[in-house]
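J.: Quick one: the structure is below, questions incoming.
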Amino acid sequence: MRALPVRNFRSIGAYPTRYPARILPNRIFRGGPLCDLEEEDAASFRDEYGITYVLDLRDEYETFRAEDVMIRGVDWEQVPALPREDTGPGFDFDTQLKNRHEDPQIARMELYMIAMYKRMPFHNPAYKRLFERMLERNENVYFHCSAGKDRTGIAAFLIMTALGASIEDGVKEYLKSNEYIYSHLDEILAHIPRRGLSKEAVLRLITVSEDYIQASIGAILARYPDMTSFLEAEYGLTEEKRAVLQAHYCGNPPDKSEDL
């Protein structure tokens with residue numbers, strides 16, 4: 001498949017589930033904005049990767065600054081995963097970097113990130129819409145935010161959990177974003193307004209941390225006895241609906257006898 005000019009682009013696949021099946025590779029894709037796609041990239045996105053649905057998790061302000069390329073034959077929707085509030089920004093790194101330079105840097109960045117992660121799993125219209133679409137159609141999907149790591153990372157974690165993957169594998173998939181970030185670190189830092197912040201403080205914003213996703217998991221398990229109860233209460237994912245998702249996006253594990 002053609003390599004695409006998309007930040008942190010990858011599929012969620014091959015993870016085992018609690019059922020005799022694995023998440024199918026190259027069905028569920030995650031990453032950053034589709035703002036740099038050329039014509040051949042867009043064709044590959046649709047024809048080689050087979051993606052027929054895109055969900056943009058950003059808000060309108062973020063989208064205005066880096067608009068997705070619209071691809072013929074691919075449905076596109078925008079549902080913010082962290083809508084802006086009257087009391088402050090949704091998930092706007094630039095505003096945080098501009099307004100918080102006088103705060104204790106690293107501690108402030110960590111508190112900001114953890115607060116957002118505790119909020120994201122609940123009553124989230126974007127995640128609800130993503131599950132609805134995946135239930136409606138057996139198709140290849142792509143979801144993204146600005147960096148493909150936070151809002152996108154929690155979406156991926158919830159999908160994996162709904163498909164029967166372990167929490168441990170969900171965290172492992174989430175942390176993979178750091179492999180991309182550190183391999184492109186100089187390029188990423190060059191495009192971020194530091195505004196007097198230390199490099200260490202900025203890294204708290206642009207990388208993922210197990211502390212962050214554990215904040216989401218902890219918030220969920222503080223309200224619900226388990227992930228299954230959470231998914232049903234928050235997103236209507238009954239046992240029957242989870243079975244539909246698994247039928248769409250999971251396949252039987254390889255027969256080991258074939259290797260004998």
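J.: Grab the helices (runs of 4 or more DSSP H) fully contained in the range 129-191, keeping just those with 3 or more residues being within 14 Å of Tyr249 (Cα to Cα).
T.: Hits in the range 129-191: 151-162.
J.: So, Phe122, is that one within 23 Å of Leu24 (Cα to Cα), among the hydrophobic types (A, V, I, L, M, F, W, C) and in contact with a helix residue (DSSP H, G or I) (Cβ under 9 Å, 6 or more places away or on another chain) or not?
T.: For Phe122, the condition - within 23 Å of Leu24 (Cα to Cα), among the hydrophobic types (A, V, I, L, M, F, W, C) and in contact with a helix residue (DSSP H, G or I) (Cβ under 9 Å, 6 or more places away or on another chain) - is not met.
J.: To continue, here is another question. For the range 240-257, give me each residue that is in a helix (DSSP H, G or I), modelled with pLDDT of 95 or more and out of contact with any helix residue (DSSP H, G or I) (no Cβ under 8 Å at 6 or more places or on another chain).
T.: Residues satisfying the conditions are Glu240, Ala243, Gln246, Ala247.
J.: Consider only pairs whose beta carbons are under 7 Å apart and that are at least six residues apart or on different chains; among these, list those whose first residue lies in the range 121-136 and is hydroxyl-bearing (Ser, Thr, Tyr) and whose second residue is in a helix (DSSP H, G or I).
T.: Listed by first residue and then by second, the contacts come to Tyr127/Ala155; Tyr127/Leu158; Tyr127/Tyr235.
J.: Also, quick follow-up: In the range 151-168, which residue that is crowded, with 22+ Cβ neighbours inside 10 Å and among the polar types (S, T, N, Q) is farthest from Ile217 (Cα to Cα)?
T.: Taking the candidates together, the pick is Thr152.
J.: Looking at (1) within 21 Å of Ile167 (Cβ to Cβ); (2) modelled with pLDDT under 95; (3) over 22 Å from the mean Cα position of the chain (by Cα), which one does Leu260 not meet, given that it meets all the others?
T.: Of the numbered conditions (1) within 21 Å of Ile167 (Cβ to Cβ); (2) modelled with pLDDT under 95; (3) over 22 Å from the mean Cα position of the chain (by Cα), the odd one out for Leu260 is (1).
J.: While we're looking at this one, here's another question. Could you tell me how many of the residues in the range 207-226 are part of a helix (DSSP H, G or I) and either surrounded by 18 or more Cβ atoms within 10 Å (Cβ to Cβ) or aromatic (Phe, Trp, Tyr) (or both)?
T.: 7
J.: From the list Tyr182, Tyr249, exactly one residue is surrounded by fewer than 15 Cβ atoms within 10 Å (Cβ to Cβ), among the hydroxyl-bearing types (Ser, Thr, Tyr) and within 19 Å of the chain's Cα centre (by Cα). Which is it?
T.: Tyr182
J.: Right, next: Could you please find all residues in the range 135-150 being buried (at least 21 other Cβ atoms within 10 Å of the Cβ) and not small (Gly, Ala, Ser)?
T.: The answer is Val141, Tyr142, Phe143, His144, Cys145, Lys149, Asp150.
J.: Against the definition (under 23 Å from Pro125 (Cβ atoms) and at pLDDT below 95), how does Arg30 come out, yes or no?
T.: So Arg30 fails the test.
J.: Restricting to the range 155-207, give me the number of residues that are in contact with a helix residue (DSSP H, G or I) (Cβ under 7 Å, 6 or more places away or on another chain), under 18 Å from Met109 (Cα atoms) and of a type in the set (Gly, Ala, Ser).
T.: Counting residues in the range 155-207 that are in contact with a helix residue (DSSP H, G or I) (Cβ under 7 Å, 6 or more places away or on another chain), under 18 Å from Met109 (Cα atoms) and of a type in the set (Gly, Ala, Ser) gives 2.
J.: Any residue at all in the range 200-219 that's without any contact (Cβ under 8 Å) to a residue 12 or more places away in the chain and either of a type in the set (D, E, K, R) or on the phi > 0 side of the Ramachandran plot (or both)?
T.: Checked against the condition, which is being without any contact (Cβ under 8 Å) to a residue 12 or more places away in the chain and either of a type in the set (D, E, K, R) or on the phi > 0 side of the Ramachandran plot (or both), the range 200-219 yields no hits at all.
J.: Residues that are surrounded by fewer than 15 Cβ atoms within 10 Å (Cβ to Cβ), at least 3 per element: which strands (runs of 3 or more DSSP E) completely within the range 1-86 meet that?
T.: Of the strands (runs of 3 or more DSSP E) lying wholly inside the range 1-86, those with at least 3 residues that are surrounded by fewer than 15 Cβ atoms within 10 Å (Cβ to Cβ) span 75-78.
J.: Return the pair list, or none, for Cβ contacts closer than 9 Å from residues in the range 232-251 that are more than 18 Å from Ala126 (Cβ to Cβ) to residues that are assigned to a helix (DSSP H, G or I) and among the β-branched types (Val, Ile, Thr), at least 6 apart or on different chains.
T.: Short answer, once both residue conditions are applied: Glu239/Thr228; Arg242/Thr228; Tyr249/Ile159.
J.: Please enumerate the residues belonging to the range 131-147 that are touching a helix residue (DSSP H, G or I) at 6+ places or on another chain (Cβ under 7 Å) and modelled with pLDDT of 95 or more.
T.: Phe131, Met134, Leu135, Asn138, Val141, Phe143, His144, Cys145 - these are the residues of the range 131-147 that are touching a helix residue (DSSP H, G or I) at 6+ places or on another chain (Cβ under 7 Å) and modelled with pLDDT of 95 or more.
The values are calculated or read from the model by the stated rules, or taken from the named source; none is laboratory data. In this text, all values refer to a predicted model and were calculated from it rather than measured experimentally. Cβ sites come from the backbone with ideal geometry, for glycine too, and all protein chains shown count toward neighbours.
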